[in-house]
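We did not get these values from a lab; they are worked out from the coordinates using the rules stated. Worth saying up front: this structure is predicted, and the values here are computed from it rather than measured. Positions of Cβ are generated from backbone atoms using ideal geometry, with glycine treated the same way; all protein chains shown enter the neighbour counts.
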Amino acid sequence: MAVRVSKAERQRLLREKINENPFYTDDELADMFGVSVQTIRLDRMELGIPEVRERIKNVAEENYRKVKTILGAEVVGELIDLELGKRGISIFEPTEDMVFVKTKIVKGQYIYSQAESLALSLIDAPAALIGVANIKYKYPVKVGDRLVAKAEVIRQRGNKYFVWVKIKVKEKEVFRGKFILVALEEDFLKKRSDTVEVGN
């Protein structure tokens, strides 16, 4: 249970918390400070701190500029952290048009696309392709779920990158994939597509 503090102190601590982790929601912050969501919103407005979606977009825009293999707009979700050749994190919130009508479960293609685009974003090359994908859907996803994907380059052998991607909703893993990506050089892209070998 949070200890009540003065408004000025709460706002100072709020700014500090959001600087530490810009992805806290108003609900999470309200729980931390033991106040209502409306109080947090008013504090944010007074401090000139945008809502979480805007904060995520601001961070993502910086990371999109780092991506080399695909356009930033092709990344599924918001790219909130990226260290080329090493690791990355994206957040994706599926919408109503991405579900099966009967079950309201998000179609797997959207979850896979988040994982694939994050894996591609990690590669420090002009272009890359998925050579091999070993994937597992572990739990159904619904609209309103926030998917947090974390990807890591496990090893690199020549122009092949071995990348693991795990996607969670809260603490529950809903998807995992092991990808082998093949990095392509600029001159390779100019060759005819029938000369490109992606597999083994």
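Points worth noting:
- Model label zone, residue 15; criterion: amide N under 14 Å from point 7 Å along Cα-to-beta-carbon; scope the stretch 41-61: 43-50
- Under 13 Å, Cβ to Cβ, from residue 151 - net charge with Lys/Arg +1 and Asp/Glu -1: +3
- Packing-based order for 33-44, 13-24, 115-126, using average beta carbon neighbours within 10 Å, highest first: 115-126, 33-44, 13-24
- Protection proxy ranking of 141-154, 88-101 - average other beta-carbon atoms within 10 Å, highest first: 141-154, 88-101
- The modelled label-to-label distance between residue 28 and residue 132, using points 7 Å beyond Cα along the C-beta direction, is 3.6 nm.
- ³J(HN,Hα), Karplus 6.51/-1.76/1.60, whole Hz, each residue of the stretch 146-151, x for Gly, Pro: 9, 8, 10, 9, 10, 10
- Measuring between alpha carbons in the structure, the pairs from 57/166; 17/138; 7/150; 57/107; 7/170 lying more than 28 angstrom apart are 17/138; 7/150; 7/170.
- Dipole moment magnitude, nearest 20 debye, the chain about Cα centre, only Lys, Arg, Asp, Glu C-beta charged: 600 debye
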